[in-house]
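What follows draws every value from the coordinates through simple rules; no lab data is involved. Computed from a predicted structure; not experimentally measured.
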Amino acid sequence: MNPENIVEILIVEDNQQDLDLALRALRKAKLTNHIHAVRDGEEALQFLFCEGPYLARNIENGPRMILLDLKLPKVDGLEVLQRIKGDARTKLIPVVVLTSSKEQNDVVESYNLGVNSYIVKPVNFEQFSEAVQKLGMYWLLLNHPPQLEG
């Protein structure tokens with residue numbers, strides 16, 4: 001496996017400021033070795049399912065964790081989540097919704113679709129940074145996901 005093809009975290013975030021804060025927090029926690037960021041739901045699906053500009057990727061080299069915003073251009077975050085959890089090749093990837101939406105409908109629908117965690121983005125930078133660091137530490141270092149049999 002080529003190390004350049006390894007992606008540990010996929011961040012799906014259309015707000016540049018939130019993306020920068022997340023990257024800064026992950027860097028601070030020393031969890032930024034293999035991160036890929038996309039700006040909309042369509043690109044997230046292309047990346048995950050090796051389509052369009054990501055045709056050369058191997059789907060078996062999927063991320064170990066996905067940070068997913070819900071309010072995304074092109075393809076909504078809930079639809080992205082549904083596609084991830086509805087496909088045997090990607091359903092075991094932990095997905096953490098990291099969104100500003102506190103709408104109960106979004107929370108319930110996310111869990112119905114199989115989200116692993118739902119986090120409302122803290123407004124304060126320090127709280128946001130701490131939340132992202134803890135998410136990365138837990139899902140990448142402490143969590144032991146099942147291995148897909150191929």
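Gain on full extension, evaluated as 0.36 nm per residue between S100 and N112 minus their Cα-Cα distance, stands at 2.4 nm. In the chain, helical runs assigned H by DSSP with n ≥ 4 each contribute -39500 (n - 2.57); averaged across all residues and rounded to the nearest 500, the mean residue ellipticity at 222 nm is -10500 deg cm²/dmol. Taking a straight Cα-Cα cut-off under 19 Å and skipping sequence neighbours fewer than 8 places away in the same chain, the lysines within cross-link reach of K28 are K121, K134. The value of relative contact order for the chain, using C-alpha pairs under 8 Å at least six residues apart, is 25 percent.
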